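See structure below.
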Amino acid sequence: MVPRFASVLDIARDIREGATSATRVLEEHLSRIDAREGEIHAFNLVTRDEALASAARIDADIAAGKPVGPLAGVPIALKDNMCTRGVPTTCSSKILEGWKPPYNATVVTKLHDAGAIVVGKTNLDEFAMGSSTENSAFGPTRNPLDTSRVPGGSSGGSAAAVAAGFAAASLGSDTGGSIRQPAALCGLVGVKPTYGLVSRQGLIAFASSLDQIGPFTHTVADAALLMEVIGGHDPLDSTSLPNAAPQLGVVLDRGVEGLRIGRVVDMPSGSEPEVLARLEAAFAALEAAGATVVDVRLPSLEYGLTAYYLVAPAEASSNLARYDGVRYGMRVDAPDLNAMYAATRSAGFGAEVKRRIMLGTYALSAGYYDAYYGKALKVRRLIADDFAAAYGSCDVVLTPTSPTVAFPFGDKTADPLAMYLCDVFTIPTNLAGHAAMSVPFGTGAHGLPVGVQVLAPALGEETMFRVAAALERAS
Amino acid sequence: MTEPVRDTDSRADRVLDDAVVAKVARLARLTLTPDELTVMTEQLSGMLEHFRDIDKLDLSAVAPMAQPLPLKNVMRDDVVQPGLDRDEVLAVAPAAEDQRFRVPPTIGFVE
């Protein structure tokens, strides 16, 4: 099982009350990094000196009696697709290697303002395209619970950093499951907030209508606190909702009595039996806690994979057009501009990124647009309509997060479609723009953790967190 | 590879071949080696075959959904605010000259 490291809430309280110091907490985390990072490779960069300086400032503020933020002294890791001013931000791609952003992502500013200590930038599948972190240009991340297996992806480094005790929490990004699936595979809580609830400003874009930032934590209460810190309107993101950050810590004890939990009767097949057994145990636990389980149908769910793998690459092919060797990152010199573009992009992007750019460019190209991208957008509508109908009779829906527990390296790298099937349960939420989270709920094959996914409608975070807290109490 | 499903509609003529994939690569400003082109054609064709599962849906009355929420265009007051620091931006550019990004010639070469 996952070793129990101190929670964000406990660390923050102990530092605030003087039971420990930010520097001491950071040194404990750095010593764990020193001991295991060589084996795990959770980070592209550990910002040791900056972190120690930040911790010293927090300790000085506390000693001087100054008010500090809710995350004062808490070591946090950032997925390396979030811009950090003056600190390299690579997206695990050669094309951005060495680039130092001239600004901070909004979530980074919010973490700083809350007193968090950023310990480093975590590894990911290149440009967040993958489900195992095997697509990183800088080498794979290993699952701290079994280093012969993947941590999931694309936020595999962020998941591994928390599971290995390198950071008390981390941020990832979720375009089709890239927070929830690695959270499930590493035994953590992982949240994909409602689209627009957390600012994407400074998150390097993959698929802009799907991307959303969210936390990895050991506990549901920690995830609630992180959401309160990073959520809320941002005038710098035109897709940011006008809503204030949700107040989730106060709802966790409200229980699930009277809530209706949706069981998908036409769920896509292919899950491991142990995973399905844990899902059944989760339904039973919620019923025992006073909730009612109701059957719902989501007939379009099985088409989510197709809709997603047309929409996301289409948006990616447009977003990644900016990597042209002109303004940032690498350049491969050539005699004229078009040749320079092609030489730079061909040398800078890895195989999976090229595959998705090609797929997206094809789906958007003249003659094929209606047959692929246009159709995918219509299927997206069907999926959103299915959820709307389901939420007429239930408050949340429960599914597995991942059809399998953490799989061995190389298991799915030969067949891109096999890898894409990892995302079958997580993708529909992103297409609909809804909220979802993965909660660890026991173990499956090989004693590895299984995650149960709680799906909620847009801005359904309060109910979602109540259900997640009830599952945590029962696990 | 399984035999492509031949629909009765106009998509029957859209099985990928190397020429189409090479054209898409040009559009995407990617240069593929002959080996990469072969693998890419095979992999993309396989995916597109799988994606034909949505062909059985009747989508004629369904409105496309490009993004999840009913967002409107956002306008804010036109207030002058500091932009990014020019030196900081140019310092991380591949090439800069006279406070601008420097690029290779854009005209005078024929592809």
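Inspect all residues belonging to the range A:256-263 and state whether any of them is closer than 30 Å to A:His446 by Cα, more than 14 Å from chain B (Cβ to nearest Cβ), touching a residue at least 24 places away in the same chain (Cβ under 8 Å) and open to solvent by less than 20 Å² (accessible area, probe 1.4 Å).
Going through the range A:256-263, the residues closer than 30 Å to A:His446 by Cα turn out to be A:261-263.
Now restrict to residues that are more than 14 Å from chain B (Cβ to nearest Cβ): A:261-263.
Filter once more, keeping what is touching a residue at least 24 places away in the same chain (Cβ under 8 Å): A:261-263.
Checking the rest, the ones that are also open to solvent by less than 20 Å² (accessible area, probe 1.4 Å) come to A:261-262.
Within the range A:256-263 (the criterion being closer than 30 Å to A:His446 by Cα, more than 14 Å from chain B (Cβ to nearest Cβ), touching a residue at least 24 places away in the same chain (Cβ under 8 Å) and open to solvent by less than 20 Å² (accessible area, probe 1.4 Å)), the answer is yes, since at least one residue qualifies.
Restricting attention to the range A:19-35, and to residues there that are over 16 Å from A:Val46 (Cβ atoms) and out of contact with any helix residue (DSSP H, G or I) (no Cβ under 7 Å at 6 or more places or on another chain), which single residue is most open to solvent (accessible area, probe 1.4 Å)? Going through the qualifying residues, I end up with A:Arg24. Here is the figure for the range A:210-231: residues that are open to solvent by 10 Å² or more (accessible area, probe 1.4 Å) and in a loop (DSSP other than H, G, I, E, B) total 1. Taking every residue in the range B:65-89 that is over 19 Å from A:Pro193 (Cβ atoms) and pairing it with any residue that is among the charged types (D, E, K, R), at least 6 positions away or on another chain, the pairs with Cβ-Cβ distances below 7 Å are B:Met65/A:Arg380; B:Met65/A:Arg381. Scanning the range A:310-342 for residues that are facing chain B (nearest Cβ under 7 Å) and not in a loop (DSSP other than H, G, I, E, B) gives A:Leu310, A:Ser317, A:Leu337, A:Asn338, A:Met340, A:Tyr341, A:Ala342.
A:Val74 passes every criterion in (1) farther than 19 Å from A:Ala160 by Cβ; (2) more than 18 Å from the chain's Cα centre (by Cα) apart from (1). Across the range A:47-61, what is the total count of residues that are touching a helix residue (DSSP H, G or I) at 6+ places or on another chain (Cβ under 7 Å) and not charged (D, E, K, R)? Here the count works out to 5. Only a single criterion out of (1) within 30 Å of A:Gly433 (Cα to Cα); (2) loosely packed, with under 10 Cβ neighbours inside 10 Å; (3) more than 8 Å from every other protein chain (Cβ to nearest Cβ) is not satisfied by B:Glu49, namely (2). Report yes if some residue within the range A:464-472 is within 19 Å of the chain's Cα centre (by Cα), of a type in the set (Phe, Trp, Tyr) and not in a strand (DSSP E or B); otherwise report no. The answer is yes, given that some residue of the range A:464-472 is within 19 Å of the chain's Cα centre (by Cα), of a type in the set (Phe, Trp, Tyr) and not in a strand (DSSP E or B).
One line per residue, one yes/no per condition, for (1) touching a helix residue (DSSP H, G or I) at 6+ places or on another chain (Cβ under 6 Å); (2) at pLDDT 95 or above; (3) open to solvent by 40 Å² or more (accessible area, probe 1.4 Å); (4) not hydroxyl-bearing (Ser, Thr, Tyr):
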{"site": "A:Ala342", "(1), (2), (3), (4)": "no, yes, no, yes"}
{"site": "A:Ser346", "(1), (2), (3), (4)": "no, yes, no, no"}
{"site": "A:Arg356", "(1), (2), (3), (4)": "yes, yes, no, yes"}
{"site": "A:Ala366", "(1), (2), (3), (4)": "no, no, yes, yes"}
{"site": "A:Val379", "(1), (2), (3), (4)": "yes, yes, no, yes"}
{"site": "A:Ala384", "(1), (2), (3), (4)": "yes, yes, no, yes"}
{"site": "A:Gly392", "(1), (2), (3), (4)": "no, yes, yes, yes"}
{"site": "A:Thr399", "(1), (2), (3), (4)": "no, yes, no, no"}
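Go through the residues of the range A:398-410 one by one and say whether even a single one is hydroxyl-bearing (Ser, Thr, Tyr), part of a strand (DSSP E or B) and away from chain B (no Cβ under 14 Å). Yes, that holds for at least one residue.
Whether a residue is open to solvent by 10 Å² or more (accessible area, probe 1.4 Å), under 25 Å from A:Gly86 (Cα atoms) and aromatic (Phe, Trp, Tyr) was assessed, and A:Phe138 passes this test.
The values are calculated or read from the model by the stated rules, or taken from the named source; none is laboratory data. Since the model is a prediction, treat every value here as computed from it, not as a measurement. Every residue, glycine as well, gets a Cβ built from its backbone with ideal geometry; the counts of neighbours run over all protein chains shown. The accessibility values were calculated without ligands, DNA or RNA, using every heavy atom of the protein model including side chains. Shrake-Rupley method; radii C 1.70, N 1.55, O 1.52, S 1.80 Å.
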